[in-house]
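**Student:** Take a look at the following structure, please.
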Number of protein chains: 2
Amino acid sequence: MRLFDQKDIDKVIRLDTSLVSIIEDAFTDLVTKQTQMPPIMRVDVPEHNGELDIKSAYIEGDDSFAVKLSSGFFNNSELGLPSANGLMILIDSRTGRPLAVLADEGLLTELRTAAAGAVAAKYCSSENSRKAGIIGTGAQARLQLKALALVRPIESVFVYGRKTDHARSFKVDMEEELGIGVKICNSVKEVVEQSDVVVTTTPSKTPLIYSDWLHPGLHITAMGSDAEHKQELDASVLEKADLVVCDVKAQSMRLGELRSCGQSPVLEQARELGALTSGRDDGRKSEDQITICDLTGTGVQDTAIARHVYSLLVTEEDVIHERS
Amino acid sequence: MRLFDQKDIDKVIRLDTSLVSIIEDAFTDLVTKQTQMPPIMRVDVPEHNGELDIKSAYIEGDDSFAVKLSSGFFNNSELGLPSANGLMILIDSRTGRPLAVLADEGLLTELRTAAAGAVAAKYCSSENSRKAGIIGTGAQARLQLKALALVRPIESVFVYGRKTDHARSFKVDMEEELGIGVKICNSVKEVVEQSDVVVTTTPSKTPLIYSDWLHPGLHITAMGSDAEHKQELDASVLEKADLVVCDVKAQSMRLGELRSCGQSPVLEQARELGALTSGRDDGRKSEDQITICDLTGTGVQDTAIARHVYSLLVTEEDVIHERS
């Protein structure tokens, strides 16, 4: 069994259109192939305000699958450490033998989550989306913007974050990296009203977006909520939308935005992203529809990116061997 | 993060009375401390007749905890590979940071399972148990016998296995290793009738032991069943017993011998091993009681042995550093 650390992984993987395709295919697999994806396992460490989530998924026919451990320890900032950490283990599907430990410290989760945002935008947002709105200014906010720019002709960005200095860093970094103007807004409302596509990337426990602010043609991807106590969209937002999409319905009803819908018709009408990517269901049907996609994160995304990065790492090694 | 392989681990760990104490304490922790032990997560790989189980447990106050992946791929023998494999990951309880990967290939599971057998015998079997009965002749059968001999004055052994050549190897190896006479029996019944303590170590799907064969003073530890389709004891065996013990009641009712009891009073009267080791409940009360212990395997055992072996590995390294 091989151990690869974050540095090894960072050297070979990139957030690009090929990664978006890989994650898109994973969503398709989830609805078209026999998939074994047990519910998320969670170990709480209440003394240290921490939790460890374990995800996994095996897709019929694949020669390997991943198990992912991802932790959130929310006192870590006091120790000068990031709250998130984690690793993936790639297992040989034929023998159960562990092939590799990918000690990515959460990097692969960040990337596959961003790539899923691009897939959501590709199927739900208007093709002419030029104005991007980002709620939140952290690492995932940046990655979501970069991923979005891979699939839509983004020309300007509106951002809102609670900390002004973080919003300023976001503006400076993103303008330099993407060559697109970024405007710092004073409220979530201001962002929503000016954008064609909005991505929410916060750990909020109370709604940030309300239905009164929505306008025809808007798409919102809400990727922040992934636990029973989190919520970014008011229930009225989902009720007003013409199309509500999520990654896995059962999971979104438990951990994501669908949780707030109670027994409303929204639940029944909600589609899974894989049904769109596989062509089973339609995505956006017209320029003026209002669409929502809620992403909670799935084991198939982890398996897809782990398999991808492992193949890159092994190829990289072959090249090095050939050279030496 | 550190990676230790089976060879590193095998060098420092031993099945001895100190390991039995560590596992005994883990059972006590399970009932006396705040413990976070989610249900087992399972990923099936039906195409290759395989499954991966994930277990974990965090015990309040501990500075680390383990996540264990253990696989059973039952076509592996055709490839000349063992069916079992696996690894443990030790996580820092304060930060969520992975401390080490223990790529033990299932060794630690074998040892902690054997040690749990010794704990069961210590609290349930007669102190004067001199005759051991072993059903099964594999690696775990051998380890269970060795573990039993650590806590009871075993003088002779009765073994039954379906394959005569395996039973012969068991006899030769165990007589040499333990210096105790081993008699190969022609049936399970013959073993049970002659033994003071019996340990069943098979993957049987149908009962192997029936109540008619039980005699006063007998203790049986059934450690084979750990899945919905497995069973080693006829339901009548549990009904006839004076004391029925298991590791975790909810789990034994789902995956172990308690599953076959339906709604019988056995369920209500069954005790957990941790209640015995902590002194909350009594174990065996007299020489002529018939007692049963069903072990399905728990995350606290994994966390306990992973923490133990990690401390040994780190100490070992310190010694090497000092020498060099």
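**Student:** Looking only at the stretch A:52-70, which residues are on the phi < 0 side of the Ramachandran plot, facing chain B (nearest Cβ under 8 Å), touching a residue at least 24 places away in the same chain (Cβ under 8 Å) and out of contact with any Phe, Trp or Tyr (no Cβ under 9 Å at 6 or more places or on another chain)?
**Tutor:** Residues satisfying the conditions are A:Glu60, A:Val67.
**Student:** Does any residue of the stretch A:98-120 turn out to be under 19 Å from B:Leu99 (Cα atoms), among the small types (Gly, Ala, Ser) and open to solvent by less than 10 Å² (accessible area, probe 1.4 Å)?
**Tutor:** Looking through the stretch A:98-120, at least one residue is under 19 Å from B:Leu99 (Cα atoms), among the small types (Gly, Ala, Ser) and open to solvent by less than 10 Å² (accessible area, probe 1.4 Å).
**Student:** Just to be sure I understand, how many residues within the stretch A:71-89 are buried (at least 23 other Cβ atoms within 10 Å of the Cβ) and either over 23 Å from the mean Cα position of the chain (by Cα) or more than 9 Å from every other protein chain (Cβ to nearest Cβ) (or both)?
**Tutor:** Number satisfying all stated conditions: 1.
**Student:** Restricting attention to the stretch A:224-268, report how many residues are open to solvent by 30 Å² or more (accessible area, probe 1.4 Å) and in contact with a strand residue (DSSP E or B) (Cβ under 7 Å, 6 or more places away or on another chain).
**Tutor:** Summing the residues that are open to solvent by 30 Å² or more (accessible area, probe 1.4 Å) and in contact with a strand residue (DSSP E or B) (Cβ under 7 Å, 6 or more places away or on another chain) in the stretch A:224-268 gives 3.
**Student:** Restricting to the stretch A:94-141, and then to whatever is of a type in the set (Ser, Thr, Tyr), away from every other protein chain (no Cβ under 14 Å) and not in a helix (DSSP H, G or I), can you tell me which residue is farthest from B:Ser77 (Cα to Cα)?
**Tutor:** Of the stretch A:94-141, the ones of a type in the set (Ser, Thr, Tyr) are A:95, A:109, A:113, A:123, A:125-126, A:129, A:137.
This time we only want the ones that are away from every other protein chain (no Cβ under 14 Å), so: A:113, A:123, A:125-126, A:129, A:137.
Applying the additional criterion that residues be not in a helix (DSSP H, G or I) yields A:125-126, A:129, A:137.
Details: A:Ser125: 51, A:Ser126: 54, A:Ser129: 56, A:Thr137: 53 Å.
Filtering first and then ranking leaves A:Ser129.
**Student:** Given the options B:Val199, B:Val191, name the one that is within 20 Å of B:Gly117 (Cβ to Cβ), in the same structural domain as B:Arg284 (by TED's automatic domain parsing) and either assigned to a strand (DSSP E or B) or modelled with pLDDT under 95 (or both).
**Tutor:** B:Val199
**Student:** Identify all residues within the stretch A:124-134 that are out of contact with any Asp or Glu (no Cβ under 6 Å at 6 or more places or on another chain) and either open to solvent by less than 10 Å² (accessible area, probe 1.4 Å) or not assigned by TED's automatic domain parsing to the domain that holds A:Asp196 (or both); write none if there are none.
**Tutor:** Within the stretch A:124-134, the first condition is being out of contact with any Asp or Glu (no Cβ under 6 Å at 6 or more places or on another chain), and the residues that meet it are A:124-125, A:127-128, A:132-134.
Result: A:Cys124, A:Ser125, A:Ala132, A:Gly133, A:Ile134.
**Student:** Please enumerate the residues belonging to the stretch B:10-43 that are within 13 Å of another protein chain (Cβ to nearest Cβ) and either open to solvent by less than 50 Å² (accessible area, probe 1.4 Å) or in a helix (DSSP H, G or I) (or both).
**Tutor:** B:Thr35, B:Pro38, B:Ile40, B:Met41, B:Val43
**Student:** Could you please let me know if B:Ser252 is closer than 23 Å to B:Val67 by Cβ and free of Cβ contacts under 8 Å to residues at least 24 places away in the same chain?
**Tutor:** In short, no.
**Student:** One residue is enough: does the stretch B:154-173 have a residue meeting the conditions without any contact (Cβ under 8 Å) to a residue 24 or more places away in the chain, open to solvent by 50 Å² or more (accessible area, probe 1.4 Å) and acidic (Asp, Glu)?
**Tutor:** yes
**Student:** A:Asn49 versus (1) out of contact with any Pro (no Cβ under 8 Å at 6 or more places or on another chain); (2) at negative phi: which is the lone unmet condition?
**Tutor:** (2)
**Student:** Hey, can you tell me all the residues within the stretch B:174-185 that are open to solvent by less than 50 Å² (accessible area, probe 1.4 Å) and either under 18 Å from B:Ser225 (Cα atoms) or not β-branched (Val, Ile, Thr) (or both)?
**Tutor:** Residues satisfying the conditions are B:Met174, B:Gly181, B:Cys185.
The values are calculated or read from the model by the stated rules, or taken from the named source; none is laboratory data. Given the structure is predicted, the values throughout are model-derived calculations rather than measurements. Glycine also receives a Cβ, built like all others from the backbone with ideal geometry; neighbour counts cover every protein chain displayed. These accessible areas exclude ligands, DNA and RNA; they are computed on the full protein's heavy atoms, side chains included. Shrake-Rupley method; radii C 1.70, N 1.55, O 1.52, S 1.80 Å.
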